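The values are calculated or read from the model by the stated rules, or taken from the named source; none is laboratory data. Owing to the predicted nature of the structure, the values given are computational and were not obtained by experimental measurement. Heads up, the Cβs are rebuilt from the backbone with ideal geometry, glycines too, and the neighbour counts pull from every protein chain shown.
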Amino acid sequence: MVGEAEFPILAIDPGLKNFGLAWASTNTAVEVLPSLRVPSWRLVIPLMRQLIVELGIKSVVIGQPEKGKVVNVAQNLFRELSSECKTILYPETLSSQIAWQKLSKSGLRFKEKRQKEHSYAALEILTTFLASQ
């Protein structure tokens, strides 16, 4: 088990410019949120803090890839958001690829899949995390 989380939980699929979001109010009430596109992870921090307050988030789960530049982004988000609520770095691999495969079966157009890809990656992180609890 990675860590005990309290509901509601916000999951973040960090990226260099795109941040996927999903949240769960209970173990079975999981929802995808619109992804955020920002030029720097620093600009996403105030948006995350606002979302934490608006949704009453008690735990944040941040997907952390094994390697690459996004590892630093995930760790920076962890440091910044740890003062807001319980924050967990959750090892994730291939969440974006899994999300893309699922979206490919949905019948959506390419552009629509691209718009939803990051949030569905966050959903994959969240559902995997919840299953490990």
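Given the conditions (1) on the phi < 0 side of the Ramachandran plot; (2) over 15 Å from the mean Cα position of the chain (by Cα); (3) in contact (Cβ under 8 Å) with a residue 12 or more places away in the chain, which single one is not true for A29? Looking at each condition in turn, A29 falls short on (3).
Set side by side, the residues G15, G56, G20 differ, and just one is surrounded by 14 or more Cβ atoms within 10 Å (Cβ to Cβ) and out of contact with any Asp or Glu (no Cβ under 8 Å at 6 or more places or on another chain), which is G15. On inspection, V61 passes the criterion of being at negative phi, among the aliphatic types (A, V, I, L, M) and modelled with pLDDT of 95 or more.
Tell me, please, whether a residue that is acidic (D, E) and within 19 Å of V73 (Cβ to Cβ) can be found in the range 9-28. Yes: one or more hits.
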